[in-house]
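This report refers to the structure that appears directly beneath it.
The values are calculated or read from the model by the stated rules, or taken from the named source; none is laboratory data. No experiment lies behind these values; they were computed from the predicted model shown. Here the Cβ positions follow ideal geometry from the backbone for every residue, glycine too, while neighbour counts run over all protein chains shown. The protein model used for the area step is the full one, side chains on, heavy atoms only, and it has no ligands, DNA or RNA in it. Shrake-Rupley method; radii C 1.70, N 1.55, O 1.52, S 1.80 Å.
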Amino acid sequence: MKPLTSPDVKEMHAWFKMKIPKKIVVAGAICAAVLFLFYNQNQVHIPKVTYLFRTCNDDQPQKETSTNMFENDPTKIDLMVENIFQKVDQLIPKVTLQDLNRATSGEMTEATIMNPKDKYCIGNQLHVKVQAYDYLGEMKTFGGDYLRARIYSPATNSSASGNITDFNNGTYLVNFTLFWEGNVHISILLMHPSEAVSALWRARNQGFQNIKYTGNFTSATEYVNSECNFKLDTEDEICQYVDQRDNEAFYCVKPPNFPCEALTHMNSVNRNHTYLSEAEQQLLQRSNIGVEISQMLKPVDVLSCSRAQKAHTEKCSLGTYYPIPSGYFSYNRWNPIHCKMSMFTENEILKNFLTGKKLFLIGDSTVRQYVRHFAEVLKIVDYFNHTEDEMQSWQKTLLAINLEKFIYVQWKKHTFPFVSQTFYSIKEDAYMARQIDQIGGGVNTIIVLTMGQHFRPFSFRIFIKTAINVRKAVERLFIRSPRTKVIIKEENVRDMDICMERFSDFHGHIQYLILRKIFDGLNVGFVDTLDMTVAYASHVIHPPVEVLENIISMSFTQAS
């Protein structure tokens, strides 16, 4: 059978829709029209839904549009945050779980290759239809399941993610591009059924009781701990820690005989609390997460057919990002499909690139991996004034230098929300936007930002506001220093055996997509860590070194 062409895909769309009643098709068309909502000029674009906000025609690079998208008026920013939130909310399935048996079952769901052939050629498309079924074997009639798809060849350490389209009727189309020759395996995982997706979204935005913050107030002779959070339900006196300009705020119960300024340290723990019903909690048990739904699919044989992937000569640059799949691994090297990435894995290459430069890393521990890799693995920089005991407190600012090459590397955590069981100082840190404001910038300055993992347990509105404020800070930076390089390292997937209500990759996936829309139009680089870690099946919060080296290489290729 010949590979599917564009008309073939259109016929598949029609075929899928014939399987459901006409009224549902009409309703789906109306919903699609409603979901084609966007912001223009001073607003953020939200894409039309197909699979968790992925657009059917999102196969072209996003071009630079405009800057200065956001005004400084806190009221207007709050309205913008709410508008973005509401538009995303419309894209989330709203399903009330009455019976576990009616939830999507990974084991019952079927996957079928639409264009089966004895042999494929490099560059061919492989189309897989996924039909969702519940635990009773009944065909699902609505979409919203959170799927993850990849192809891989263990012999050559090759892998790539798949592009998933949700037809909103229980049927999905997964498109893979066959980038390499050999025996290629197919993996499609049901990460969460739509019923769990709906529950996760509702729970995330329902309140702040899942994480408990404790603030440490100190004086010269004593200290006391007190409850803190983004919102406190108490009649006690409250300390308000408010950034008046950016309208970001955090609160603590004021201890007796201590001024609010005495707050010095903070920690957080998971509360024994949930916003989920017992049935919803069962859907989020480890045995129901990441269930393989393509176990019956046999590997496919791919030949070169005298074809090879086009070698790009134009390096990956700032201001452009691409949809998944944006590249593929081959022999553990990431190959972007739209541009050329240089490898920064050898010590001399890295040292020469970083010579005379200041590298500021701001965010969570996934970007902290950069400086640890440079100092502890490659040993091209030395930590400045960090003892072994200090290193045990991983939240501390890390500074590493190379005096001979004039290399300066610094990592600082973003502040609230920051999740850590051990107490950490809040006096040396500031909101990410404020940290950017304190950087002078220049042609020899590189800033790598990441935000996401620590935001997952909290209302999506908090993430939106932080992202908007960071964008505004980058705009201010470019006004005073337009030659500064800013790279956004996007979120990566993480472990599947953690508390899903708080830290599911579903939350990260939403943040990943919205972050791109908020930063659209700025001359910044994007490192698609989500695509890389899905392709590699790197299900750990800190990607392994072979993935990390590609993340760093993509960062510095765009910054060079």
Based on what the data block shows, is Ile498 surrounded by fewer than 22 Cβ atoms within 10 Å (Cβ to Cβ), β-branched (Val, Ile, Thr), at pLDDT below 95 and more than 19 Å from Ile439 (Cβ to Cβ)?
yes
For region 126-141, give me each residue that is part of a strand (DSSP E or B) and surrounded by fewer than 22 Cβ atoms within 10 Å (Cβ to Cβ).
His127, Lys129, Gln131, Tyr133, Asp134, Met139
I'd like the full set of residues that are in a loop (DSSP other than H, G, I, E, B) and either among the aliphatic types (A, V, I, L, M) or over 30 Å from Thr112 (Cα atoms) (or both), limited to region 264-299.
Arg271, Asn272, His273, Thr274, Tyr275, Leu276, Ser277, Leu284, Ile289, Ile293, Met296, Leu297
Arg333 versus (1) of a type outside the set (Phe, Trp, Tyr); (2) within 30 Å of Val184 (Cα to Cα); (3) more than 23 Å from the chain's Cα centre (by Cα); (4) open to solvent by 70 Å² or more (accessible area, probe 1.4 Å): which is the lone unmet condition?
(3)
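Each row is one residue, and each column tells you yes or no for (1) part of a loop (DSSP other than H, G, I, E, B); (2) more than 23 Å from Asn523 (Cα to Cα); (3) modelled with pLDDT of 95 or more; (4) out of contact with any Lys or Arg (no Cβ under 7 Å at 6 or more places or on another chain).
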residue	(1), (2), (3), (4)
Ile439	yes, no, yes, yes
Ala467	no, no, yes, yes
Val470	no, no, yes, yes
Val474	no, no, yes, yes
Phe478	no, no, yes, yes
Ile487	no, no, yes, yes
Asn492	yes, no, yes, yes
Arg502	no, yes, yes, no
His507	no, yes, yes, no
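From the list Arg502, Arg461, Arg480, Arg471, exactly one residue is without any contact (Cβ under 8 Å) to a residue 60 or more places away in the chain and not hydrophobic (A, V, I, L, M, F, W, C). Which is it?
Only one candidate passes the filter, namely Arg480.
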Within region 398-437, how many residues turn out to be in a strand (DSSP E or B) and among the polar types (S, T, N, Q)?
3
From Leu297, Leu232, grab the single residue that is in contact with a strand residue (DSSP E or B) (Cβ under 6 Å, 6 or more places away or on another chain) and either under 30 Å from Ile186 (Cβ atoms) or open to solvent by 60 Å² or more (accessible area, probe 1.4 Å) (or both).
Leu297
Do we find a residue being surrounded by 21 or more Cβ atoms within 10 Å (Cβ to Cβ), in contact with a strand residue (DSSP E or B) (Cβ under 8 Å, 6 or more places away or on another chain) and closer than 11 Å to Val493 by Cβ anywhere in region 537-545?
no
